[in-house]
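The values are calculated or read from the model by the stated rules, or taken from the named source; none is laboratory data. Everything numeric here is computed off the predicted structure, so don't read it as measured data. Glycine also receives a Cβ, built like all others from the backbone with ideal geometry; neighbour counts cover every protein chain displayed. For accessibility, only protein heavy atoms count, side chains too; no ligands or nucleic acids. Shrake-Rupley method; radii C 1.70, N 1.55, O 1.52, S 1.80 Å.
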Amino acid sequence: MGQSSSTAAIHFRRQTNQSHRSKTKSTALVSPILLDETEEFRKVIIDGSTDYISDIPDECLACIFQSLNSGDRKRCSLVCRRWLQVEGQSRHRLSLNARSDLLSIIPSLFSRFDAVTKLALKCDRRSMSIGDDAIILISHRCRNLTRLKLRACRTITDAGMEAFAKNCEGLKKLSCGSCTFGAKGMNAVLDNCSALEELSVKRLRGIADGAAAEPIGPGIAASSLKTICLKELYNGQCFGPLITGAKNLRTLKLFRCSGDWDKLLEVIAGRVTSMVEIHLEKLQISDAGLFAISNCLDLEILHLVKTPECTNLGIVSVAERCKFLRKLHVDGWKANRIGDEGLIALAKSCPNLQELVLIGVNPTKASLEMLASNCQNLERLALCGSDTVGDSEISCIAAKCIALKKLCIKSCPVSDHGMEALAGGCPNLVKVKIKKCKGVTSNGADWFRSSRGSVAVNLDNGEPEFHDASASDGGVQDNGMEFPPLPIQVAVSNIASGSNGRSTSFKSRLRIWILSYCT
């Protein structure tokens with residue numbers, strides 16, 4: 001069990017396989033020409049074909065399996081006992097349907113997959129989920145677990161989470177949603193998992209509402225926490241001690257959590273000054289909260305989504321003090337409280353701005369020209385639902401935004417004349433998306449494509465629709481996996497991502513090669 005036992009098992013199987021292959025060679029048909037050659041070139045000839053795959057070491061076979069998707073890995077595990085064992089003991093991620101009947105197969109399941117470090121458990125809302133017995137048994141079988149994701153595991157209590165935390169002290173990432181354990185279970189994790197780096201909590205039902213809520217944190221995990229994400233909590237402010245105690249916190253995300261957050265943000269910004277990324281969505285926050293955030297002098301990314309009490313004054317404060325700001329997303333919710341004044345201050349004080357998204361905000365040519373002139377590194381710009389962005393504003397962007405690579409215009413009064421101006425500017429432009437702009441016709445888009453053949457143009461000039469900048473609803477902020485509603489399933493994420501340097505064509509050829517052997 002664990003990594004060490006897996007390695008020992010692999011070496012044992014290598015010796016067994018080598019012994020088996022040596023016995024096979026004594027009875028199989030061997031080419032007379034190869035009898036005098038060295039062992040390096042000696043191969044087994046069976047039915048007129050050479051069996052090279054049997055000579056692949058278990059370690060290499062495991063690497064091949066890690067380049068396949070979940071379905072292909074399952075098929076490969078059915079080829080032979082050796083492949084079944086290697087596939088199981090080289091799998092580090094599991095996604096399971098966490099219904100109550102999972103309990104009975106946990107021992108056999110984790111005997112096969114004994115090297116799992118990343119586990120996702122999700123139960124259908126209409127089914128009975130696993131309880132304390134199952135989560136405790138899993139913690140005994142997976143003591144090397146570093147990531148855990150729980151979804152709708154409604155029968156896991158504080159006692160179960162406490163036992164789990166004591167057995168899996170190396171946990172680095174915890175994500176839980178629609179669970180019913182409360183502050184005691186969460187505090188148990190924070191008190192035992194000293195390596196915890198990421199915490200994501202959504203709809204934690206067991207947290208009491210109002211003044212009766214038990215404070216959460218800080219615990220020994222506060223010193224290692226780098227990311228905290230809270231979503232849809234009735235009393236999310238009970239996490240205040242944890243947030244203020246996380247001295248090394250880098251990212252804070254608050255989505256649709258009730259209560260007045262201005263005062264707590266003042267305390268947080270006074271104690272945690274290392275934050276570089278802050279997301280605030282549908283919170284009760286005003287300029288006072290933005291004044292507090294401006295104390296985070298190293299802030300690089302700020303998202304303000306549907307916070308109607310925030311005005312130009314708060315944006316000016318952030319712009320003047322957070323000089324390293326690189327990304328700013330603002331959904332003004334058509335409140336008209338953020339406009340030219342805040343954007344001009346941003347242009348004057350934040351020359352490193354690379355990405356700007358404005359939704360429901362009405363900038364004019366004055367602020368756009370200032371941004372284009374002063375922010376020479378601006379590469380991505382999105383203007384959505386703005387009544388003041390027309391052809392003259394697009395012409396200004398075309399003439400001034402030299403570094404711009406991606407431009408999105410949605411539901412703005414732009415016409416084909418604006419597209420003509422854009423075609424003659426922005427020399428580094430690679431992608432343009434025009435959506436719900438009635439004045440832009442297909443002929444104008446076709447003319448733009450013919451003029452700038454290297455630029456990808458996406459045109460959708462349908463009817464206007466409601467604008468929503470909720471990143472959490474779109475799935476961008478949630479780093480969790482998807483769970484199809486299948487019976488107890490074993491799924492693995494595609495490990496062969498861009499980080500390992502393998503190209504798509506290589507993975508395709510590898511898949512064809514391995515599947516041809518399976519069949």
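The residue list T311, T273, T307, T244 contains one member that is closer than 25 Å to A222 by Cβ and buried (at least 18 other Cβ atoms within 10 Å of the Cβ), which is T244.
Scanning segment 113-133 for residues that are of a type outside the set (A, V, I, L, M, F, W, C) and either assigned to a loop (DSSP other than H, G, I, E, B) or open to solvent by 10 Å² or more (accessible area, probe 1.4 Å) (or both) gives D114, T117, K118, K122, D124, R125, R126, S127, G131, D132, D133.
Tell me whether segment 458-468 contains one or more residues that are farther than 30 Å from R151 by Cβ and at pLDDT 90 or above. Checking segment 458-468: at least one residue is farther than 30 Å from R151 by Cβ and at pLDDT 90 or above. Among the residues making up segment 272-304, those that are out of contact with any helix residue (DSSP H, G or I) (no Cβ under 8 Å at 6 or more places or on another chain) and β-branched (V, I, T) are T273, V276, I301. Restricting segment 328-382 to residues that are assigned to a strand (DSSP E or B) and under 15 Å from L404 (Cβ atoms), the residue that is most open to solvent (accessible area, probe 1.4 Å) is R380.
Is there a residue in segment 107-125 that is modelled with pLDDT of 95 or more and acidic (D, E)? Checked segment 107-125: no residue is modelled with pLDDT of 95 or more and acidic (D, E).
Scan segment 280-297 and tell me whether some residue there is open to solvent by 30 Å² or more (accessible area, probe 1.4 Å) and among the aliphatic types (A, V, I, L, M).
To start, the set of residues in segment 280-297 that are open to solvent by 30 Å² or more (accessible area, probe 1.4 Å) comprises 282, 284, 288, 291, 295, 297.
The next check asks that each one be among the aliphatic types (A, V, I, L, M); those that pass are 288, 297.
Yes, segment 280-297 has at least one match.
Only one entry of L230, L252 meets the criterion of being at pLDDT 95 or above, touching a strand residue (DSSP E or B) at 6+ places or on another chain (Cβ under 6 Å) and under 17 Å from L328 (Cβ atoms), and that entry is L252.
Of L78, L94, which residue is loosely packed, with under 15 Cβ neighbours inside 10 Å and not in a helix (DSSP H, G or I)?
Details: L94 fails: loosely packed, with under 15 Cβ neighbours inside 10 Å.
Result: L78 is the single residue among L78, L94 that is loosely packed, with under 15 Cβ neighbours inside 10 Å and not in a helix (DSSP H, G or I).
Give the residue, chosen from A208, A221, that is open to solvent by less than 60 Å² (accessible area, probe 1.4 Å), in contact with a Ser or Thr (Cβ under 9 Å, 6 or more places away or on another chain) and not acidic (D, E).
After ruling out the rest, the residue left standing is A221.
Residues in segment 174-192 that are surrounded by fewer than 21 Cβ atoms within 10 Å (Cβ to Cβ), not in a helix (DSSP H, G or I) and not β-branched (V, I, T): S175, G177, S178, G182. Residues in segment 445-457 that are surrounded by fewer than 18 Cβ atoms within 10 Å (Cβ to Cβ) and among the charged types (D, E, K, R): D446, R449. Within segment 163-172, the set of residues being of a type outside the set (S, T, N, Q), more than 28 Å from R126 (Cβ to Cβ) and open to solvent by 10 Å² or more (accessible area, probe 1.4 Å) comprises K166, E169, G170, K172.
Among the residues making up segment 383-421, those that are within 27 Å of K323 (Cα to Cα), in a strand (DSSP E or B) and open to solvent by 10 Å² or more (accessible area, probe 1.4 Å) are C384, K406, C408.
The set of residues in segment 422-444 that are under 15 Å from Q376 (Cβ atoms) and surrounded by fewer than 16 Cβ atoms within 10 Å (Cβ to Cβ) comprises P427, N428.
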